[in-house]
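Asks: Structure provided below as structure tokens; questions to follow.
Values quoted throughout were computed directly from the atomic coordinates according to the rules given, and no laboratory measurement underlies them. Worth saying up front: this structure is predicted, and the values here are computed from it rather than measured. Here the Cβ positions follow ideal geometry from the backbone for every residue, glycine too, while neighbour counts run over all protein chains shown.
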């Protein structure tokens with residue numbers, strides 16, 4: 001198969017869809033890989049590293065899309081990219097379509113087959129291509145919160161771990177999945193006072209065993225969320241409903257009762273955010289203030305550490321890229337977990353949660369939505 005790797009163009013995105021090591025695995029099996037010149041600059045992988053791995057370097061994104069059957073990216077395609085897609089293209093990347101109707105319409109109009117990393121599943125019901133970036137984002141959320149808490153950046157002026165004789169910051173993590181677990185681990189490691197809220201009692205038991213008393217666990221209800229958020233110095237939003245928009249757990253009214261200078265870090269922002277007042281931000285301008293509360297809502301947090309995150313992502317995605325390269329769309333018949341990643345095909349939405357979140361019943365040339373359950 002002919003596989004294309006364009007340069008990522010989302011603001012402050014430094015990752016790359018395939019690292020040189022992954023390219024070498026693909027070319028060794030006879031696949032052609034076309035890499036846009038400079039695509040690996042964000043991870044300090046120059047064109048010669050890709051050429052050594054067997055890739056052909058092309059001058060621009062137009063050439064990459066024109067030459068390729070499958071496009072492998074990191075972030076959701078921007079308008080100029082979805083306009084380059086053809087009906088015979090396979091797009092494999094993070095899509096996060098639920099809160100992004102404009103992108104959905106663009107992909108549907110293209111006729112391309114779009115597979116979302118974030119909805120590919122595994123045998124245990126997990127999301128293996130989301131997990132590595134969730135690990136990175138969870139850990140980064142605490143680093144970001146620690147900086148935002150400082151007085152010069154508008155925060156309360158609280159040191160995350162405190163000092164002898166002074167209380168540490170109170171950190172509340174909403175969601176006990178991969179993001180929440182890694183956020184709690186980082187916060188507890190810095191000496192913060194950490195509480196995780198989750199709706200699953202079995203998961204809370206697992207977390208309790210995992211942290212051995214270093215982190216408190218609470219069943220998530222409207223009352224516990226409100227009471228913990230109002231007492232917090234930092235709230236990390238780490239909730240996820242696969243393919244769907246994140247639920248709004250923190251309302252505008254809650255903000256007015258929170259501690260002035262408290263920090264909200266919305267790791268769920270790619271799926272629309274779990275705070276009512278959230279809006280996407282960038283690494284260049286990561287925070288904004290509403291009612292005295294600092295919001296950190298960077299939509300591509302792992303992009304800040306591209307060497308770590310690109311390699312971690314490729315460790316997870318390469319087996320699926322290889323299946324698609326070897327078998328094409330027939331790979332769906334052989335791997336139902338990869339098939340769960342199918343979001344758009346032939347101008348139709350193919351994932352039930354995505355379709356429901358978008359509110360679509362007809363879209364893309366008037367064709368009816370097809371749901372995975374069908």
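Asks: Please work out whether the range 187-267 counts as rounded, prolate or oblate from its C-alpha gyration tensor, where a ≥ b ≥ c are the square roots of the eigenvalues and a/c under 1.5 means rounded, while otherwise a/b larger than b/c means prolate and anything else oblate?
Replies: Because a/c hits 1.5 or more and a/b fails to exceed b/c, the range 187-267 counts as oblate.
Asks: Over the chain, what is the relative contact order in whole percent, taking alpha-carbon pairs under 8 Å and six or more residues apart?
Replies: Dividing the mean separation by the residue count of the chain yields 18 percent.
Asks: Same structure again: Quote the FRET efficiency, to the nearest 0.05, computed for residue 218 versus residue 28 with a Förster distance R0 of 51 Å and r equal to the Cβ-Cβ distance.
Replies: The calculated FRET efficiency here is 0.55.
Asks: Run the helix sum for the chain: -39,500 (n - 2.57) per DSSP H stretch of 4+ residues, divided by residue count, reported at 222 nm to the nearest 500 deg cm²/dmol.
Replies: That calculation yields -10000 deg cm²/dmol at 222 nm.
Asks: Which of the peptides 171-177, 146-152 is most tightly packed, and how do the rest follow, going by the mean number of other Cβ atoms within 10 Å of each residue?
Replies: Descending packing order for the listed peptides: 171-177, 146-152.
Asks: If you find the alpha carbon centre of the range 212-251 and of the range 165-198, how far apart are they in angstrom?
Replies: 11 Å
Asks: With both partners inside the chain, how many of the DSSP beta bridges are antiparallel, as a percent to the nearest 5?
Replies: Beta bridges within the chain, antiparallel portion: roughly 20 percent.
Asks: If you don't mind, there's one more thing I want to ask. Please work out the ratio of the alpha-carbon Rg of the range 93-210 to 2.2 N^0.38 Å and round it to two decimals.
Replies: Normalised Rg, Cα atoms only: 1.35.
Asks: Let me make sure I get this right: for the range 131-299, a, b and c are the square roots of the gyration tensor eigenvalues over alpha carbons, sorted descending. Under 1.5 in a/c it's rounded, otherwise prolate if a/b > b/c, else oblate. Which is it?
Replies: Rounded is the answer for the range 131-299, as its axis ratio a/c remains below 1.5.
Asks: Over all distinct alpha-carbon pairs, what is the Kirkwood Rh of the chain in angstrom?
Replies: 21.3 Å is the Kirkwood radius here.
Asks: State the antiparallel share, in %, of DSSP beta bridges confined to the range 70-223, rounding to the nearest 5.
Replies: Here the antiparallel bridges make up roughly 5 percent for the range 70-223.
Asks: With a 10 Å Cβ neighbour count serving as the proxy for reagent exposure, in which order, fewest first, do 65, 288, 92, 44 appear?
Replies: Least to most surrounded, the residues fall as 44, 288, 65, 92.
Asks: Can you tell me the length gained on complete extension of the stretch residue 333 to residue 356, counting 0.36 nm per residue apart and subtracting the Cα distance?
Replies: 5.8 nm
Asks: For the chain, find the longest principal axis of its Cα atoms and tell me its angle to the long axis of helix 306-327, 0 to 90°, nearest 10.
Replies: That works out to roughly 40 degrees.
Asks: With only alpha-carbon pairs counted, each pair once and no self-pairs, how large is the Kirkwood hydrodynamic radius of the range 134-199 in angstroms?
Replies: 11.9 Å
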